[in-house]
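Structure record follows, encoded as structure tokens.
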Amino acid sequence: MSPAVKRTILWTLLWCFSLPTCGAVAAELARSTEADNSAEAKSDAKAKTPEGHSQHGEAFNEGPRQAAYLMGNTGNVSFPIRTHSRLVQQFIDQGVGQLHGFWYLEAERSFRQAAALDPKCAAAYWGMAMANANNNDRAKKFIKEAVDRKENASDRVKLYIEALDKKLNAKDKKDGFEAYIKSLEKVVYDYPDDIEAKAFIALEMWQGRGSGVKIASHVAVDALLSEVFAKNPMHPCHHYRIHLWDYEKPERALKSSALCGQAAPGIAHMWHMPGHIFSRLKRYEDAVWQQEASARTDHAHMMRDQLLPDQIHNFAHNNEWLIRNMMFIGRVSDALDLAKNMISLPRHPRYNLVTKRSSSSHYGRTRLFQVLSQGELWKELIELSDSPYLEPTDEFPEQIKRLRYVGRAHGWLGDISELAAIRSELQTLHDKLSQEKKEAVTKAEDEAANDYDEKNQKPDSDDKDTDKANAEQPESKSDAENDKKRKEAIEKASKKEAAEFDRKLKRIKQALDELDGHAKLAAGDGEEALKLFKSAGEIDKWQLAMLKHLAGQTDQAITDLEDYIDGHAGETLPLAYLAEVFWQADKKDEARKAFEKLQQISSSIDLDAPPYKRLAPLANAFNFPADWRKASVDADDIGDRPNLDDLGPFRWQPFRAPSWTLEDSDGQTALSSEFEGQPVIYIFFLGHGCLHCAEQLHAFAPQAEKFREAGIEMIAISSDKQTDLSKSVEDFGSLIPIRLVSDSELDVFKMYRAFDDFENQPLHGTFLIDGDGNIRWQDIGHEPFMDHEFVLKEAKRLLGTD
């Protein structure tokens with residue numbers, strides 16, 4: 001039986017009973033022919049390729065390796081190619097729509113699906129290259145595949161391939177962008193009705209700015225996009241118009257903001273983009289709606305297709321911005337909930353760690369501190385600082401931030417003794433770092449001096465009389481110049497070594513200044529307190545104004561608040577502070593005006609949050625009801641919006657682990673239900689012949705007892721037949737403490753997506769299943785996950801047993 005027929009049968013079984021378009025996928029696969037190589041050649045290649053690795057090369061090891069399906073709602077796009085398959089065309093169109101939405105992971109998946117259906121389809125490989133806009137190395141490898149197949153493509157698609165090939169292989173990025181734009185213009189010259197080329201030109205003119213390509217006229221680029229919309233009013237390049245005007249004249253993108261998400265409602269980023277414009281225009285209620293729609297769409301997709309959150313481009317960025325905007329409109333409780341959810345998401349060394357600045361865990365921790373501080377949730381901040389949410393860390397900036405925020409909380413609560421304890425901890429760090437700096441600078445100076453002396457040492461003369469005569473000569477001008485250069489070299493080394501220490505010491509000093517400011521304020525020394533607060537920096541302007549009021553500088557506090565509010569319309573917290581300061585200063589009329597101004601933007605305010613709860617006496621005095629918030633009225637320029645609950649859940653939640661029944665190495669039946677109520681690690685390994693799998697088992701098996709001590713079992717699911725499991729046991733060399741089970745039919749591999757649907761082969765997989773039967777963490781790929789310490793630590797964090 002040929003590989004093509006085998007693939008057809010497998011995909012038919014896999015898909016026909018699960019997804020609405022799978023019957024069509026299977027039918028097309030049945031009609032597809034094998035690629036250029038014979039089955040024998042493929043067999044030879046497989047014999048040389050490590051288990052789990054792609055037969056097509058390194059670029060195919062990464063990225064999505066599970067089949068695509070026709071999702072719908074990814075944009076009204078037509079990108080005609082030369083193919084006999086309607087389904088191939090549909091996946092190409094879907095992929096291009098996903099490209100327009102920057103949904104790169106799913107775009108690559110769609111193009112891989114097209115290539116699996118039609119291996120000679122050059123456009124599919126062009127699409128894979130386009131989907132790797134942020135990975136030039138992979139993009140180059142994919143475009144090479146497209147070039148190799150371009151003779152099978154239409155003349156129009158050839159132009160696209162040649163254009164991208166020039167861009168990716170240009171020595172200078174600016175030259176590459178400019179050449180690419182010119183090449184796309186040639187597509188328009190030859191095919192005037194090709195609106196995709198016009199859309200991509202507009203995108204490149206905006207993206208090229210970072211490489212020195214200037215936008216000579218925003219109006220001209222907008223006119224090009226208008227040509228696209230004239231032919232297709234709901235084209236997803238509304239996305240590009242928003243980017244075009246975002247920092248230039250945002251109100252010119254309002255029309256596209258009303259259509260962007262609706263143009264491709266299945267793509268989260270398309271809902272996110274209007275949030276740029278609404279944020280820029282300080283319409284934070286509308287911005288929050290857009291960003292929440294994006295978050296819910298992402299959550300639904302990830303939970304449906306079994307993906308970890310940070311695998312999706314821009315997911316963390318959207319959610320952290322959503323939290324910021326929620327705080328602007330007073331949704332403190334929801335902002336707190338979402339920030340905690342971001343921190344609680346599964347972490348992974350490749351894409352989600354506290355040290356990765358664009359990841360959920362980093363953003364979540366940063367925003368949680370912000371929410372707790374701005375929302376004046378001081379007791380909650382102190383409690384969370386000793387929890388997995390804001391736990392101590394070895395990362396210097398994060399630990400200093402943590403100590404500063406905890407000290408700030410104690411300061412606002414008036415717990416001066418607790419504040420002093422935090423201050424002592426910071427001072428100890430400061431003193432230790434100062435000593436380390438001193439030692440490091442001394443060492444750097446000595447090394448610089450020695451290096452300079454070695455490089456500039458004068459060779460000894462053979463004539464001793466000459467050496468003596470030279471030594472008796474007074475210091476020459478060249479000697480003085482040499483000493484100067486030596487000193488400069490030492491000073492340069494000293495400054496270089498001290499620079500990072502000085503940055504760290506400055507952070508600690510600023511934290512100490514803020515804490516000392518609170519101590520001075522509590523002691524009644526308001527003037528000195530304000531000096532310290534000023535030098536500390538990183539205090540929200542409205543809270544700094546309140547500190548000035550508490551220090552006796554009420555008039556200055558009012559001026560600062562009014563100045564801030566003038567430049568920050570739509571933010572609720574500064575207005576709440578202003579009303580409160582006026583009230584405490586016995587300026588009742590001014591307090592009422594500030595309160596009524598706040599009421600105009602109060603629809604989402606969390607009345608239980610301290611800054612708003614303190615306004616209850618004002619509301620009562622001004623004869624407002626206890627719930628004094630004013631309902632918002634939708635603007636007439638926001639477009640038709642769906643119900644947010646229909647898009648997906650507000651928070652990401654782990655997905656169910658499929659159940660299974662297999663046979664172990666002793667011939668006994670093994671059931672996934674045996675682990676009900678108990679967390680378990682699944683290790684999917686690719687048989688006794690896989691050397692990397694053996695390495696993983698040798699790494700994890702000795703740790704089995706440590707996992708059990710944490711309440712976590714471990715089981716290994718093999719692609720071997722049951723009768724061959726004994727070989728893995730023998731290869732282990734001693735009694736293996738992990739139960740081995742056989743999944744030679746690969747059904748469980750497929751259920752857990754540890755399977756390359758495009759090349760019909762199993763993949764390495766490591767999973768954490770909790771006691772409720774949910775997948776809490778996973779790693780799937782061409783290499784096994786080897787870091788057992790990370791898995792155990794992360795499992796404890798996710799399960800709350802650390």
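For ASP305, indicate whether it is surrounded by fewer than 24 Cβ atoms within 10 Å (Cβ to Cβ), acidic (Asp, Glu) and on the phi < 0 side of the Ramachandran plot. Spelling it out, ASP305 is indeed surrounded by fewer than 24 Cβ atoms within 10 Å (Cβ to Cβ), acidic (Asp, Glu) and on the phi < 0 side of the Ramachandran plot. Residues in the range 521-530 that are farther than 24 Å from PHE369 by Cα and in contact (Cβ under 8 Å) with a residue 12 or more places away in the chain: GLY526, GLU527. Residues in the range 392-436 that are open to solvent by less than 60 Å² (accessible area, probe 1.4 Å), over 21 Å from LEU532 (Cβ atoms) and not in a helix (DSSP H, G or I): THR393 alone.
I'd like the full set of residues that are touching a residue at least 40 places away in the same chain (Cβ under 8 Å), open to solvent by less than 10 Å² (accessible area, probe 1.4 Å) and within 27 Å of the chain's Cα centre (by Cα), limited to the range 82-103. The answer is VAL96, GLY97, GLN98, HIS100, GLY101. Candidates ASP634, ASP606, ASP646: the one that is within 29 Å of LYS340 (Cβ to Cβ) and either assigned to a loop (DSSP other than H, G, I, E, B) or of a type in the set (Gly, Ala, Ser) (or both) is ASP606. The set of residues from the range 713-765 being open to solvent by 40 Å² or more (accessible area, probe 1.4 Å), part of a helix (DSSP H, G or I) and at pLDDT 95 or above comprises ASP747, MET751.
Each residue in the range 655-707 was checked for being assigned to a loop (DSSP other than H, G, I, E, B), open to solvent by less than 20 Å² (accessible area, probe 1.4 Å) and closer than 27 Å to GLY733 by Cβ, and 3 of them qualify. Taken over the range 774-787, the residue count meeting the criterion of being open to solvent by less than 40 Å² (accessible area, probe 1.4 Å) and either among the polar types (S, T, N, Q) or touching a helix residue (DSSP H, G or I) at 6+ places or on another chain (Cβ under 8 Å) (or both) is 5. Residue check: LYS120 meets all listed conditions (1) surrounded by 22 or more Cβ atoms within 10 Å (Cβ to Cβ); (2) among the charged types (D, E, K, R); (3) part of a loop (DSSP other than H, G, I, E, B) but one, namely (1).
Taking every residue in the range 189-218 that is touching a residue at least 60 places away in the same chain (Cβ under 8 Å) and closer than 15 Å to TYR160 by Cβ and pairing it with any residue that is assigned to a helix (DSSP H, G or I) and among the hydrophobic types (A, V, I, L, M, F, W, C), at least 6 positions away or on another chain, the pairs with Cβ-Cβ distances below 8 Å are GLU196/VAL96; ALA199/LEU225; ALA199/VAL228.
Within the range 352-388, the residues that satisfy the criterion of being crowded, with 17+ Cβ neighbours inside 10 Å, of a type outside the set (S, T, N, Q) and in a loop (DSSP other than H, G, I, E, B) are LEU353, VAL354, LYS356, GLY375, GLU376, LEU377. Of these, ALA421, ALA449, ALA440, ALA409, which one is of a type in the set (A, V, I, L, M), under 30 Å from GLU481 (Cβ atoms) and at pLDDT 95 or above? Step by step, each of ALA421, ALA449, ALA440, ALA409 is checked, and only ALA440 is of a type in the set (A, V, I, L, M), under 30 Å from GLU481 (Cβ atoms) and at pLDDT 95 or above.
Restricting attention to the range 188-205, the residues being open to solvent by less than 40 Å² (accessible area, probe 1.4 Å) and in a helix (DSSP H, G or I) number 11.
Scanning the range 160-187 for residues that are open to solvent by less than 30 Å² (accessible area, probe 1.4 Å) and out of contact with any Ser or Thr (no Cβ under 7 Å at 6 or more places or on another chain) turns up TYR160, ILE161, LEU164, LEU168, GLY176, TYR180, ILE181, SER183, LEU184, VAL187.
In the set (1) touching a Ser or Thr at 6+ places or on another chain (Cβ under 9 Å); (2) crowded, with 16+ Cβ neighbours inside 10 Å; (3) under 30 Å from GLU745 (Cβ atoms), the condition left unmet by ILE638 is number (3).
Of the residues GLY570, GLY517, GLY552, the single one that is in a loop (DSSP other than H, G, I, E, B) and under 30 Å from SER424 (Cα atoms) is GLY552. Inspect all residues belonging to the range 206-216 and state whether any of them is at pLDDT below 95, open to solvent by less than 20 Å² (accessible area, probe 1.4 Å), assigned to a helix (DSSP H, G or I) and not hydroxyl-bearing (Ser, Thr, Tyr). Within the range 206-216, one or more residues are at pLDDT below 95, open to solvent by less than 20 Å² (accessible area, probe 1.4 Å), assigned to a helix (DSSP H, G or I) and not hydroxyl-bearing (Ser, Thr, Tyr). When we screen ILE81, ILE92 for residues that are modelled with pLDDT of 95 or more and in a loop (DSSP other than H, G, I, E, B), the only hit is ILE81. Listed by position, the helices (runs of 4 or more DSSP H) contained in the range 257-314 that have at least 1 residues being without any contact (Cβ under 8 Å) to a residue 12 or more places away in the chain and of a type in the set (Gly, Ala, Ser) form an empty set. Right, GLU106: among the acidic types (Asp, Glu), within 21 Å of the chain's Cα centre (by Cα) and in a helix (DSSP H, G or I) or not? The answer is yes for GLU106. Residues in the range 523-538 that are small (Gly, Ala, Ser) and surrounded by 15 or more Cβ atoms within 10 Å (Cβ to Cβ): GLY526, ALA529, ALA536. Looking across the range 308-321, the residues that are open to solvent by less than 10 Å² (accessible area, probe 1.4 Å) and either of a type in the set (D, E, K, R) or closer than 20 Å to ALA258 by Cβ (or both) come down to ASN318, GLU320. When ALA263 is tested against (1) closer than 23 Å to ALA339 by Cβ; (2) touching a helix residue (DSSP H, G or I) at 6+ places or on another chain (Cβ under 6 Å), only condition (1) is not met. Restricting the range 239-274 to residues that are small (Gly, Ala, Ser) and under 22 Å from ARG296 (Cα atoms), the residue that is surrounded by the most Cβ atoms within 10 Å (Cβ to Cβ) is GLY261.
Looking across LEU607, LEU615, LEU550, one residue alone is open to solvent by less than 30 Å² (accessible area, probe 1.4 Å) and either closer than 24 Å to GLU376 by Cα or touching a strand residue (DSSP E or B) at 6+ places or on another chain (Cβ under 9 Å) (or both). It is LEU615.
For the range 138-155, the criterion of being of a type outside the set (Ser, Thr, Tyr), open to solvent by less than 40 Å² (accessible area, probe 1.4 Å) and outside any helix (DSSP H, G or I) is satisfied by at least one residue. Summed over the range 385-425, residues that are touching a Phe, Trp or Tyr at 6+ places or on another chain (Cβ under 9 Å) and among the aliphatic types (A, V, I, L, M) total 3. Please go through the range 60-81 and give me each residue that is buried (at least 18 other Cβ atoms within 10 Å of the Cβ) and farther than 13 Å from GLU759 by Cβ, ordered by number. Residues satisfying the conditions are ALA68, TYR69, LEU70, MET71, THR74, GLY75, VAL77, PHE79, ILE81.
The values are calculated or read from the model by the stated rules, or taken from the named source; none is laboratory data. This one's a predicted model, so the numbers in the text were calculated from it and none came from an experiment. Neighbour counts are summed over all protein chains in view; Cβ atoms, including those assigned to glycine, are modelled from backbone coordinates with ideal geometry. The protein model used for the area step is the full one, side chains on, heavy atoms only, and it has no ligands, DNA or RNA in it. Shrake-Rupley method; radii C 1.70, N 1.55, O 1.52, S 1.80 Å.
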